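**Student:** What follows is a structure written as structure tokens; I'll ask about it next.
None of the figures in this text is laboratory data; all of them are computed from the coordinates on show. Please read all numbers here as calculations on a predicted model, not as lab measurements. We place every Cβ from the backbone using ideal geometry, glycine too, and count neighbours over all the protein chains shown.
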């Protein structure tokens with residue numbers, strides 16, 4: 001029996017319309033002649049959502065209890081017995097009460113998929129384990145129900161339900177997300193423009209990365225002989241959907257400006273930042289140098305950047321290797337001091353880097369503030 | 001003939017000495033002065049008096065200014081987690097301080113330190129950094145700054161001379177961050 005097809009509707013926050021869209025697509029499938037049933041639906045008392053569910057068969061819930069409180073949960077054996085072509089199962093991050101088959105709903109869904117039933121499900125981005133800290137840092141709100149990121153990776157399709165923060169707040173004010181008495185509290189806490197903008201960015205990146213990783217897997221799995229012409233075009237395109245920035249640093253205070261500029265650029269591009277120090281072979285890390293390396297390491301940690309220390313006597317060769325390994329698309333270097341003596345005869349570093357790195361890798365030079373002002 | 005030989009010898013000696021001198025200068029670049037003045041601050045504002053005083057001292061003593069942005073990490077997050085939102089504020093503030101320092105020819109070696117509280121961040125900074133002087137402003141009080149208790153604690157714990165500056169009129173909004181995160185100097 002082949003595994004069912006899995007589609008996840010991912011959103012940045014409650015109220016963007018994940019469940020609504022899932023139901024819409026469920027109707028479309030039913031109209032196309034497929035047997036569709038709702039395995040679990042959480043309408044959150046939203047009229048639009050309840051209306052959208054009408055006409056679709058619902059597998060009855062079962063009762064369970066948490067600390068002597070009766071709750072209604074998805075009936076996994078019931079869904080498996082009913083065996084539709086497609087089951088709509090809301091909120092995959094949900095935690096089941098003790099005593100049921102699995103602790104988490106995404107595990108229930110795995111059973112449904114294993115039974116050859118297609119599944120549509122929903123989740124908000126802050127439930128993804130790896131993003132939980134980041135989202136908590138951005139919004140000040142931490143969710144307790146998390147799911148491993150690999151759950152998203154098991155989906156055949158991830159659909160991002162996108163909505164501008166302004167439009168979502170408008171929906172909230174109109175009472176389409178929470179009942180009227182809860183609207184102000186939501187606006188004062190989680191539903192702030194800056195929170196939603198940050199979450200939206202995280203969601204968009206997550207889906208972009210998911211697309212990228214799936215494409216890379218596909219690209220590795222295919223054989224040359226099996227490629228169709230259009231696949232070749234895709235395979236020839238740059239591997240990374242997003243950019244990746246590499247800043248060449250040295251453990252000294254003057255590198256901080258470069259790190260700041262690189263980090264700002266990485267923030268604007270919504271990409272990861274790597275800091276690379278190519279250490280001369282045999283150079284001991286002690287004294288002031290050790291202090292500066294520690295400072296650089298701590299700064300990288302604060303920024304969420306990765307500090308790489310490569311011991312090599314050829315700066316350009318080391319950078320080229322790291323660029324290939326990390327898939328960097330931008331290299332940022334600090335402005336060199338004016339060449340003196342025999343070094344005047346050497347080709348400038350940016351040119352050497354461009355020749356040594358793969359085509360399409362940009363090199364940017366960050367001006368040294370002191371030097372510029374001295375020139376004025 | 002002998003003149004040519006002497007000229008050639010002088011050229012070779014000159015080149016060798018130049019090479020050695022250049023190497024020494026390059027080697028010296030990695031080890032910077034250890035004379036540091038610490039300027040800790042919190043939030044998105046910093047006192048002009050504190051900056052000006054620390055820059056005056058740094059210039060007079062040939063010291064490096066070490067502005068240190070202290071960031072609070074909520075208890076539910078690991079202490080060593082990335083703090084992009086705080087870092088954004090810190091970067092803008094440090095950029096503004098560096099601009100001002102650069103215009104006065106003062107070297108800057110900035111830090112961002114994390115802690116559960118500002119005092120905790122300061123304690124962590126004291127643990128692993130060395131400096132000869134600390135400059136703090138008594139104006140930086142209230143929710144976003146050091147409390148009186150923090151300053152007393154600093155006087156007791158800092159292994160260096162501590163300079164606490166008296167509040168001045170309109171001293172609070174000298175370096176601030178606008179809504180888009182860009183730092184501006186008044």
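**Student:** Using only the Cα atoms of segment A:6-221, what do you get for the radius of gyration and for Dmax, in Å?
**Tutor:** Cα radius of gyration and Dmax of segment A:6-221 are 17.3, 53 Å respectively.
**Student:** Additional query: Over chain A, what is the mean sequence separation of C-alpha contacts under 8 Å (at least six apart), divided by residue count, expressed as relative contact order in percent?
**Tutor:** Normalised by residue count, the contact order of chain A is 14 percent.
**Student:** Also: If you take each beta carbon of peptide B:80-93 and count the beta carbons of other chains within 10 angstrom, what is the mean?
**Tutor:** Partner Cβ neighbours, averaged per residue: 5.
**Student:** With the Cα gyration tensor of segment A:244-375 giving a ≥ b ≥ c as the square roots of its eigenvalues, does the rule (a/c under 1.5 for rounded; else a/b larger than b/c for prolate; else oblate) give rounded, prolate or oblate?
**Tutor:** rounded
**Student:** Right, something else. For peptide A:286-294, what's the mean number of Cβ atoms from other chains within 10 Å of each residue's Cβ?
**Tutor:** 3
**Student:** Report, in degrees rounded to the nearest 10, the 0 to 90 angle that the Cα long axis of helix A:129-139 makes with the longest principal axis of chain A.
**Tutor:** Tilt relative to chain A: about 80 degrees.
**Student:** Calculated FRET efficiency, residue A:111 and residue B:75, Cβ-Cβ r, R0 45 Å, to nearest 0.05?
**Tutor:** The value I calculate is 0.75.
**Student:** Something else about it: Can you list the residues of segment B:89-103 with backbone N under 13 Å from a point 7 Å past the Cα of residue A:201, pointing along Cα to Cβ?
**Tutor:** Of the residues in segment B:89-103, B:89 have backbone N under 13 Å from the label point off residue A:201.
**Student:** Oh, and also: For each of A:18, A:7, count neighbouring Cβ atoms within 10 Å of the residue's Cβ, then give the residues from fewest to most.
**Tutor:** Placing the least packed residue first, the sequence is A:7, A:18.
**Student:** Something else about it: Can you tell me the order of A:258-270, A:175-187, A:21-33 when each peptide is scored by its average per-residue count of other Cβ atoms within 10 angstrom, highest first?
**Tutor:** A:258-270, A:21-33, A:175-187
**Student:** What's the angle, to the nearest 10 degrees (0 to 90), between helix A:193-221's Cα axis and the longest principal axis of chain A?
**Tutor:** Between the helix axis and the principal axis of chain A, the angle is about 80 degrees.
**Student:** Another question, then. Helix-only estimate, please: 222 nm mean residue ellipticity of chain A, summing -39500 (n - 2.57) across DSSP H runs of length 4 or more and dividing by its residues, to the nearest 500.
**Tutor:** Result for chain A: -13500 deg cm²/dmol, rounded to the nearest 500.
**Student:** May I pose another question? Rank A:125, A:202, A:323 by mean-square fluctuation in a GNM of chain A with C-alpha springs under 10 angstrom and give only the top-ranked residue.
**Tutor:** A:323
**Student:** Which shape class, rounded, prolate or oblate, goes with segment A:33-116 when its Cα gyration tensor gives a ≥ b ≥ c as root eigenvalues, a/c under 1.5 marks rounded, and past that a/b bigger than b/c marks prolate?
**Tutor:** Oblate.
**Student:** Hey, with R₀ at 30 Å, roughly what FRET efficiency would residue A:283 and residue B:61 work out to, going by the Cβ-Cβ distance, to 0.05?
**Tutor:** 0.50
**Student:** Now for a different question. Counting other C-beta atoms within 10 Å, which of A:285, B:37, A:161 has the fewest, and how do the rest follow?
**Tutor:** A:285, A:161, B:37
**Student:** Something else about it: What average number of partner chain Cβ atoms lie no more than 10 Å from the Cβ of the residues making up A:357-363?
**Tutor:** 0
**Student:** Quick check on chain A: take the gyration tensor over C-alpha atoms, sort the square-rooted eigenvalues as a ≥ b ≥ c, and tell me if it's rounded (a/c under 1.5), prolate or oblate.
**Tutor:** prolate
**Student:** Turning to a different aspect of this structure: Using Cα atoms only, what is the angle between the long axis of helix A:255-269 and the major principal axis of chain A, expressed in degrees (0 to 90) to the nearest 10?
**Tutor:** It works out to around 30 degrees.
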